[in-house]
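Chemist: Handing you this structure, nothing more for now.
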Amino acid sequence: MLSDFLILMKSEMILVVIICLLLFVKVGSKEWSNESLLVLVNALLILNLVGGLFMQKDGALFGNMFVTSKLIILEKSILNLGVLLVSMLGYDWLKTHKHVIEFYILLLSTLLGMFFMISSGNLLMFYLGLELSTIPLAALVNFDLLKRQSSEAAMKLIISSAFSSGLLLFGISLMYGTTGSIAFNEIALRLDGSSLQLFAFILLIGGFGFKISAVPFHLWTADVYEGAPVAVTAYLSVISKGAFFFAFITTR
């Protein structure tokens with residue numbers, strides 16, 4: 001049972017280990033140069049990418065709350081590759097930054113949330129993964145600490161995220177009330193096209209639209225992208241949108 005747990009949640013466990021390792025490095029007494037930290041982190045990201053390619057297994061955990069398959073593992077490996085490329089893109093900028101470890105802890109925390117979102121088997125797991133991937137992004141957007149524009153971008157992201165989260169929670173509650181379940185496979189069997197279910201779908205689509213900046217819910221996007229550091233903008237515009245795309249196309 002323990003071996004199945006470690007294999008099925010391999011990608012998430014590797015990220016947790018890397019985050020904990022970075023925390024230990026941060027609180028350690030040894031002074032690391034930014035170049036050494038970047039080399040260490042990029043090496044860990046490469047190991048994370050390679051580790052995702054082995055020991056693949058289909059299965060589910062926690063009463064189908066967490067599901068995985070070879071397709072989901074491939075999607076997570078693609079996101080791992082994207083994060084590695086974003087890290088290389090921001091190398092010159094991070095080389096002179098005072099908070100390199102904090103940047104990667106926040107970055108990998110958002111990636112961990114995306115992994116849970118992709119592997120979610122019900123709406124609760126999907127929402128928790130979504131929020132874990134969204135909340136640290138506000139801090140990443142504000143990572144140019146001396147730029148006022150970066151702080152404004154982070155505030156706009158927080159406000160839009162809070163509003164979209166309210167829409168999502170309201171839609172999830174209505175969906176649960178009309179179907180009696182939050183599991184994706186059971187919801188699909190209990191849809192009857194009632195007006196309340198249609199309203200729930202409108203709220204869910206509106207919440208997702210704000211999260212992925214889909215038209216016409218994209219008005220916050222330009223200001224946030226302009227104020228965020230280049231590496232964070234690349235992460236927002238590619239990795240986060242790819243995670244949503246993978247979550248929607250994955251069959252459970």
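The values are calculated or read from the model by the stated rules, or taken from the named source; none is laboratory data. Computed from a predicted model, the values in this text were never measured in an experiment. Glycine also receives a Cβ, built like all others from the backbone with ideal geometry; neighbour counts cover every protein chain displayed. Remember, those area values only see protein heavy atoms, side chains included, never the ligands or the DNA or RNA. Shrake-Rupley method; radii C 1.70, N 1.55, O 1.52, S 1.80 Å.
Chemist: To make sure I understand the rule: partners must be aspartates and glutamates, Cα under 16 Å from the Cα of residue 76, and not fewer than 8 residues away in the same chain. Which ones qualify?
Modeler: Counting by Cα, and skipping residues close in sequence, residue 76 has these aspartates and glutamates nearby: 12, 58.
Chemist: Ok, one more. Taking the inverse of the average 1/r across all pairs of different Cα atoms in segment 1-94, what Kirkwood radius in Å do you get?
Modeler: 14.7
Chemist: For segment 99-252, what is the accessible area per residue in Å² when the probe is 1.4 Å?
Modeler: I get 44 Å² per residue for this part.
Chemist: Work out which helices of the chain, taken as complete DSSP H runs, extend at least 18 Å along their axis over the Cα atoms and score a mean Kyte-Doolittle of -0.5 or more, then list them.
Modeler: Once both thresholds are applied, what remains is 10-27, 34-51, 70-89, 100-118, 123-141, 148-179, 195-212.
Chemist: Place a +1 charge on the Cβ of each Lys and Arg in segment 38-122 and a -1 charge on the Cβ of each Asp and Glu, then give the dipole magnitude about the Cα centre in debye, rounded to the nearest 20.
Modeler: Using Cβ point charges on Lys, Arg, Asp and Glu, segment 38-122 gives about 60 debye.
Chemist: Using only Cα atoms, figure out Rg for segment 179-252 and give it as a multiple of 2.2 N^0.38 Å.
Modeler: Computed over Cα atoms of segment 179-252, the ratio equals 1.39.
Chemist: Among (1) 19.0, 58; (2) 18.9, 62; (3) 19.9, 58, which is the computed Rg and Dmax of the Cα atoms in Å?
Modeler: Here Rg and Dmax of the Cα atoms in Å agrees with entry (2).
Chemist: Given 0.36 nm per residue, what is the gain on full extension from residue 43 to residue 71 after removing their alpha carbon distance, in nm?
Modeler: Net length gain for the segment: 7.6 nm.
Chemist: How large, in percent, is the carbon and sulfur part of the accessible surface of the chain at a probe radius of 1.4 Å?
Modeler: 73
Chemist: Give me the net charge for the shell around residue 146: Cβ to Cβ below 14 angstrom, other residues only, Lys and Arg +1, Asp and Glu -1.
Modeler: Net of charged neighbours comes to +1.
Chemist: Can you give the relative contact order of segment 161-236 as a percent, counting alpha carbon pairs under 8 Å and 6+ residues apart?
Modeler: The value is 32 percent.
Chemist: With the convex hull built on the Cα atoms of segment 124-181, state its orientation-averaged projected area in nm².
Modeler: Taking the Cα atoms of segment 124-181, their convex hull projects to 3.8 nm² on average.
Chemist: Taking all pairs of different Cα atoms in segment 56-123, averaging 1/r and flipping that mean, what Kirkwood radius in angstroms comes out?
Modeler: When all Cα pairs of segment 56-123 are included, the Kirkwood radius is 13.6 Å.
Chemist: Okay, next question. Show that you can apply the helix-only estimate: for the chain, add -39,500 (n - 2.57) for every DSSP H stretch of four or more residues, divide by all residues, and state [θ] at 222 nm to the nearest 500.
Modeler: Taking each H run of at least 4 residues, the total per residue is -23500 deg cm²/dmol.
Chemist: Continuing with this model, one more query. In debye, nearest 20: dipole of segment 39-186 around its Cα centre with unit charges on the Cβ of K, R (+) and D, E (-)?
Modeler: For segment 39-186, the charge dipole is close to 240 debye.
Chemist: Charges only on Cβ, +1 for Lys and Arg, -1 for Asp and Glu: so what's the dipole of the chain about the Cα centre, in debye to the nearest 20?
Modeler: 120
Chemist: Right, next: With an 8 Å Cα cut-off and a minimum separation of 6 or more residues, compute the relative contact order for segment 1-143 in percent.
Modeler: 27
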